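**Q** First the structure, which I've put down as structure tokens, then a few questions once you've had a look.
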Amino acid sequence: MPEEFRYTDEELIARFQDGDEQAYVELVNRYRDRLMSFIFRFVNDMEKAEDIVQDTLMKLYTHRHFYRNIAKFSTWIYTIAGNLAKTELRRKKRHKVTHLSHMGTEEREYQLPSVEPETGETAQGHFAEKQIQNAIQELPLHFRTVVILRDIQELSYEEISKIVDVPLGTVKSRINRARLQLQQALKEFR
Amino acid sequence: MDRYQFEDLISDFIENKLSMNQRKDFETYLDENPEAMQQLDSVKQVMASMKSMPEVSTSINFMKNLNKRIAAEKEAQSVVKTTRSFAGYTPLMASLSAVVVVAVVLLGLEFMPEATNQATFTPTMAEQQVDDLLPVLPTQASDELLAESEDDSTNVDEDMPNTTDFKDRIQLVGDRRP
């Protein structure tokens, strides 16, 4: 669809609130991978991440009338996803039992190695990605959320401030601290 | 500028959000501290690496599973709608209410006095009290009993002395007769 004829997210949710289910499908298509990326970087578990994204999009379906056009739609959906992810992490912390289905991709790769041989560059890229992903997991939750939203999802500071519901200055400070911690953690791998 | 102030301003420097004076101080610190320059480069690399991380996609079954959940949700909603079709009551509530009403009516009939069931005229409480004060009219059975007792009393009267004259037996209060 040409860019000028595309509905904005806010127009789509308004249409969905009026009963247009096609608008819901369009919102799902726009957000499912973005949310998946955000949640996976946050919980480090593909299966769990997909479940959380499903839950988020189900909440969008069942709670569509809770959205008020005073905030951006993306802020609202990221807030829901972030809250669900935090709940999942707290639950995981309480029941820290390791099952195959609960392992992250890193562990699964040992169980199910890739059939295709990796080139040197790809392998290096995967290694770097794994190191960053592991370093992100070491961050405290309030640092992890904001740095993912800023440096991976590329959201604005203002939007992040609304999503995590903390003042702008605090968000900036947390992002800076998170980057410094990541830099320290990754220093030894360079 | 010390090391802590430098670290606090790294992100703002990278994102070009420092004022002119702050920027000048920051660059002066970088020139004087080669390890600070290394740290800055290192943070820039981390940020670049995070930006270049591949996007993670949902699985191919994602939409199928989501559609299943939506279908289940719709079904649940339709069930809720049908269960509320009895004037705002669920079938369970409507049944319970009906049972309670029937039980109250039956208990009421059970404890209601029989006379009021048969009589076409129901006396009010005041009328009932007046009736209680009036002598009971003899019925056929009580007439027979009375007749029997009269027979007995005739016999008793024959044996007993005439006690109709109470003149000498009654002494009023204040009567000083001997």
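**Q** So which residues in the stretch B:61-75 are more than 9 Å from every other protein chain (Cβ to nearest Cβ) and surrounded by 11 or more Cβ atoms within 10 Å (Cβ to Cβ)?
**A** Across the stretch B:61-75, the qualifying residues are B:N67, B:K68, B:A72, B:K74.
**Q** Within the stretch B:1-12, which residues are more than 10 Å from chain A (Cβ to nearest Cβ) and surrounded by 12 or more Cβ atoms within 10 Å (Cβ to Cβ)?
**A** Of all residues in the stretch B:1-12, those more than 10 Å from chain A (Cβ to nearest Cβ) come to B:1-6.
B:M1, B:R3, B:Q5, B:F6 - these are the residues of the stretch B:1-12 that are more than 10 Å from chain A (Cβ to nearest Cβ) and surrounded by 12 or more Cβ atoms within 10 Å (Cβ to Cβ).
**Q** Also, quick follow-up: Can you report the number of residues in the stretch B:18-60 which are facing chain A (nearest Cβ under 9 Å) and not in a helix (DSSP H, G or I)?
**A** Selection size over the stretch B:18-60: 8.
**Q** If you don't mind, there's one more thing I want to ask. Hey, can you tell me all the residues within the stretch A:62-80 that are in a loop (DSSP other than H, G, I, E, B) and within 14 Å of another protein chain (Cβ to nearest Cβ)?
**A** In the first step, residues of the stretch A:62-80 are kept if they are in a loop (DSSP other than H, G, I, E, B); the result is A:63, A:67-72.
Selection gives A:H63 alone.
**Q** If you don't mind, another one. A:Y24 is checked against (1) away from every other protein chain (no Cβ under 13 Å); (2) in contact (Cβ under 8 Å) with a residue 24 or more places away in the chain; (3) assigned to a helix (DSSP H, G or I) and fails just one. What number does that condition carry?
**A** All conditions are met except number (1).
**Q** What do you reckon, is A:A14 buried (at least 16 other Cβ atoms within 10 Å of the Cβ), among the small types (G, A, S) and within 11 Å of chain B (Cβ to nearest Cβ)? Full working, then the answer.
**A** Working: buried (at least 16 other Cβ atoms within 10 Å of the Cβ): yes; among the small types (G, A, S): yes; within 11 Å of chain B (Cβ to nearest Cβ): no.
Judged against the criteria, A:A14 is not a match.
**Q** Oh, and also: Which of the residues belonging to the stretch B:14-29 are touching a residue at least 12 places away in the same chain (Cβ under 8 Å) and farther than 15 Å from A:D151 by Cα? Working first, answer last.
**A** The first filter runs over the stretch B:14-29 and keeps only residues touching a residue at least 12 places away in the same chain (Cβ under 8 Å), leaving B:14, B:22, B:25-26, B:28-29.
Correct list: B:Q22, B:D25, B:F26, B:T28, B:Y29.
Rule-based calculations on the coordinates, nothing more; no lab input. None of the values given here were measured: they were computed from a predicted structure. Because the Cβ atoms are built from the backbone with ideal geometry, glycine has one as well, and the counts that use them run over all protein chains shown.
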